[in-house]
Amino acid sequence: MSLKLVKLGFKFGNLLALTPAKIEQNGLAFPSKIYALLWIILFSAGVSISAFFRKAIYEKLTPVILTLRVAIDTLLFVLNISTIIITATKRHQWNRFINILKFLKNSNEKGDLFWFLPFLLTNVVFVVIFTYYTTIFAQRMGVDFFKYYAVEYFQFYAQFIVYYLIYVLCMILDRVQNLSKNIKLLKIQPNRLNNFALKRIKIIFFELEECIDIFNNIFGWLILLLIGFCFLQQLSYLHNFIVGLQNPLPILIFRIMYITWHMVGTFISVFLCDLIQQRVKNMQMEAQQIAANCAEGKEYEDIKILEDPINHSFPNFTAARFFDLNRKTILGVINALLTFLIVAIQFENIQI
C-alpha cells in the first residue's frame, strides 16, 4: 500500500474531521479542534433528529429487535464520535505513525500510474451499495425515508474511512516481509553477518514495533467498535431470517451486500494482524537458528543484538487491550453470534 493512498484517505477523511487536516503542520491544531467539535455537534444533532422521527417505527418492533436496533444505532454513533475525538486528540501520534512509515518505505518502490485505484474502487462499491439502498427503500417509504435515514449516509461514509485507513496494515505487513527477507539473507550468506547490518535491522525492527504500538493506540478502540457493530448487525439480520419475517428479494439482496461489505471491512484487518504476527514468529525462529549456528564469540554476540528484541519486545495487535487480534477473534465472534442468536430466538418464542 502506497503512502499516497494514505494521504488520499486523509484528504477525504478531513472533510468529516475524521483525519488530521494535514500531516506535520502543528499550527492547525486549534482550528482543527474547533472543526472537530462542529462535526460532533452536527453528528449528534442529525442522529437525535433521526431518532425522533424513527420513534413511531421503533414502537412497533418486538423487544428483541428493538434492543438490537437501538444497540446498532448507538454503536455506529459512538464509532463516529470516537473517530473524531481520537483524530483531534492524537495528532502527534498520527504524525509519528506516518513518519515511521516513510522511514520504513522501500527505496526501490516504483511509481504506479494507477496508485489511486484501490481507493477509487472501494468508493465505487460504497456508492453502488448505498444507491441501491436508496432506490429500494425510497420507493417503499417515500420522502419519509430521508427523514429517518439521511444522516446514515454521513455515518457510514465515516465508517468507511476508518475501514480504509486500517488498510495501512498492508504497508506494515510489507515492511515485516522485507525484514524477514533480510534475516533469511543473513542465514543463507553468513559472510554478510556484520555489526552494521544487524544494527540496521534492529533499528528497522524497533521502528516497526513503535509503529504497531501507535496503531493500537489509534485504532484499537475503533476496531473494537467495528467488531461490535458488525456482530450486532449480523445478529439482527440472522434473527430476521430465522423467525420467518417476509423480505422481498430486493431487500434480501441489499442485506446480503450490506453485511458482506461490513464483514470484509471489519475482519480483513483481523486477518492482516494475524498474518503479521505469524511473520514475526517466523523471524524469531530464523534469528534463533542463526544464533544456534554461530560459534561462541563475536558472531554470536552480534546476532544476539538482533535476537533479543525480536524475542522479547514485539507487541501484539489488540482491540483496546480487551483481546488480541488474530484468527481466534473471528471464531470467537462466530461462537458468540450463534449463542446470542439461540437466546434471542428463545426469548422471541417466549414473548409469543
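The values are calculated or read from the model by the stated rules, or taken from the named source; none is laboratory data. Note that the structure is predicted; figures quoted are calculated from it, not measured. As a convention, Cβ positions derive from the backbone with ideal geometry for all residues, glycine included, and neighbour counts pool all protein chains shown.
Annotations for the structure displayed:
- For the stretch 60-70, residues that are surrounded by fewer than 17 Cβ atoms within 10 Å (Cβ to Cβ) and in contact (Cβ under 8 Å) with a residue 24 or more places away in the chain total 3.
- Of all the numbered requirements in (1) over 20 Å from the mean Cα position of the chain (by Cα); (2) modelled with pLDDT under 90, residue 148 misses one, and that requirement is (2).
- Within the set 74, 122, the sole residue that is among the β-branched types (Val, Ile, Thr) and within 30 Å of residue 52 (Cβ to Cβ) turns out to be 74.
- Per the listing 135, 131, the residue uniquely without any contact (Cβ under 8 Å) to a residue 40 or more places away in the chain, under 23 Å from residue 164 (Cα atoms) and exposed (fewer than 14 other Cβ atoms within 10 Å of the Cβ) is 131.
- For the stretch 44-59, filtering for residues that are closer than 12 Å to residue 74 by Cα and touching a residue at least 60 places away in the same chain (Cβ under 8 Å) leaves 1.
- Counted residues, the stretch 315-352 - those being modelled with pLDDT under 80 and closer than 15 Å to residue 219 by Cα: 1
- Within the stretch 238-273, tally of residues that are crowded, with 17+ Cβ neighbours inside 10 Å and either aromatic (Phe, Trp, Tyr) or not in a helix (DSSP H, G or I) (or both): 4
- Restricting the stretch 257-281 to residues that are within 14 Å of residue 175 (Cβ to Cβ) and of a type in the set (Val, Ile, Thr), the residue that is modelled with the lowest pLDDT is 280.
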